[in-house]
Amino acid sequence: MTIKFGVIGGGVMGEALLSRLINLGIYQGSQVLVSDPLPSRRSFLAEKYGVGVTGENREVATAAEVLFLAIKPQVFAEVAIELSDVSASSLVISILAGVPLSKLEKAFPQHPVIRAMPNTPATVGAGMSAIASGKLVKPEHLEQAKRIFQAVGEVVEVPETMLDAVTGLSGSGPGYVAILIEALSDGGVAAGLPRAIAFQLALQTVFGTAQLLKESGMHPADLKDRVTSPGGTTIAGIAELEKAGFRSAIIEAVKAAYRRSKELGS
Ligand SMILES: NC(=O)c1ccc[n+]([C@@H]2O[C@H](COP(=O)([O-])OP(=O)(O)OC[C@H]3O[C@@H](n4cnc5c(N)ncnc54)[C@H](OP(=O)(O)O)[C@@H]3O)[C@@H](O)[C@H]2O)c1
């Protein structure tokens, strides 16, 4: 059986991708081969998803049509050396934060390479990924990569120079939104709600607002105008947010994460 999808590093993101690709029928378990150093992890993935597993990265790199790198960035150098003389023309897709296309292409000179930046909601199929193409990438490779990331959410194509900004927004964004949900819950508790109910209200409010904006295509400013009645409750709340510099804090958070991403990648 041809190995269509090879994963190096069967951790959180590797599992998220392969599980959705198999569940959606994009690949069969028998077309997927995963390498991971931990035997217990390998048997878990083999049992749960019916994928082939190995402790040898070279076996995956040699066999796979698409080679998906899902190791931590710290072990990239070691894995690159290990795979340096593997001759295959597979499409290489890397999700390693901070490892630029120039380094990836140096490690895989014969291969078309795509660098991607997914985010944590990819683990539940609601991710936002951005992908950037290397020099040897052809339209069919790009389509293939898009299909793969669409299995775990949405995907956009950007030039590599924008990936630090992507990291500052969608990469780090789940952290900001988690704090917003926690703060909304705390506000509910401060106003007299039991914690569990406050959390449920906060979570569903953020989820529902995002869904409403997405499905209706409405601009956020229009939604805000619609829910603020003269002298009402929402405008009273918004006035406090503005006083505290809420918008500015979020803008500065994205900029700080963007700068940090640049620093870490250089
Ligand atoms: N999680 C996210 O939301 C997210 C978002 C964007 C990008 N990323 C990127 O995704 C990559 C993976 O992140 P993750 O959260 O999935 O990490 P993870 O859960 O730690 O997965 C990495 C896996 O690689 C295995 N591994 C370690 N050394 C290896 C080697 N030499 N050869 C093959 N496999 C090896 C690890 O095994 P051991 O545990 O036994 O070491 C682990 O199972 C990172 O580069 C990160 O920058 C993650």
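Any read-out appearing in this document is the output of simple, stated calculations on the displayed coordinates, not a laboratory observation. All figures in this text were calculated on a predicted structure; none of them were measured in a lab. Virtual Cβ from ideal backbone geometry, glycine too; neighbours counted across all protein chains shown.
Quick notes on this one:
- Once both labels are positioned 7 Å from their Cα atoms along Cα-to-Cβ, the gap between THR161 and VAL124 label points is 3.7 nm.
- Residue-span extension gain [LYS72 to GLN211] - 0.36 nm each, minus C-alpha spacing: 46.8 nm
- Once the chain from VAL227 to GLN28 is taken as fully extended at 0.36 nm per residue, the excess over their C-alpha distance is 66.9 nm.
- About the Cα centre, charge dipole magnitude for the stretch 171-265 (Lys/Arg +1, Asp/Glu -1 at Cβ), debye: 260 debye
- For the listed peptides 98-104, 5-11, a ranking on the average number of other beta carbons within 10 Å per residue, highest first, reads 5-11, 98-104.
- Highest-first arrangement of 179-189, 247-257, where packing means the average Cβ count within 10 Å: 179-189, 247-257
- On the beta carbon distance between SER87 and GLN204, with R0 = 41 Å, the FRET formula returns roughly 0.20.
- For the chain, adding -39500 (n - 2.57) for each run of n ≥ 4 DSSP H residues and dividing by the number of residues yields -16000 deg cm²/dmol at 222 nm.
- Debye, to nearest 20: dipole size of the chain, +1 on Lys, Arg Cβ, -1 on Asp, Glu Cβ: 120 debye
- Spin-label proximity, GLU65 to the stretch 4-20 - amide N less than 16 Å from point 7 Å beyond Cα toward beta carbon: 4-7
- Assigned charges on the beta-carbon of Lys, Arg, Asp, Glu; the stretch 1-147 dipole about Cα centre (debye): 360 debye
- Counting 0.36 nm for each residue step from PHE246 to ALA46 and taking away their Cα separation leaves a gain of 67.3 nm.
- In whole angstrom, the stretch 171-265 maps to an equivalent ellipsoid with semi-axes of 25, 18, 15, each derived as √(5λ) from the alpha carbon gyration tensor and ordered largest first.
- The GluC sites (Glu not before Pro) of the stretch 16-77 meeting both criteria, a DSSP state outside H, G, I, E and B (loop) and at most 16 other C-beta atoms within 10 angstrom of the site's C-beta, are GLU56, GLU65.
- Out-of-range pairs (alpha-carbon distance over 31 Å; input LYS138/LYS262; LYS4/LYS103; LYS135/LYS214; LYS48/LYS135; LYS106/LYS214): LYS135/LYS214; LYS48/LYS135; LYS106/LYS214
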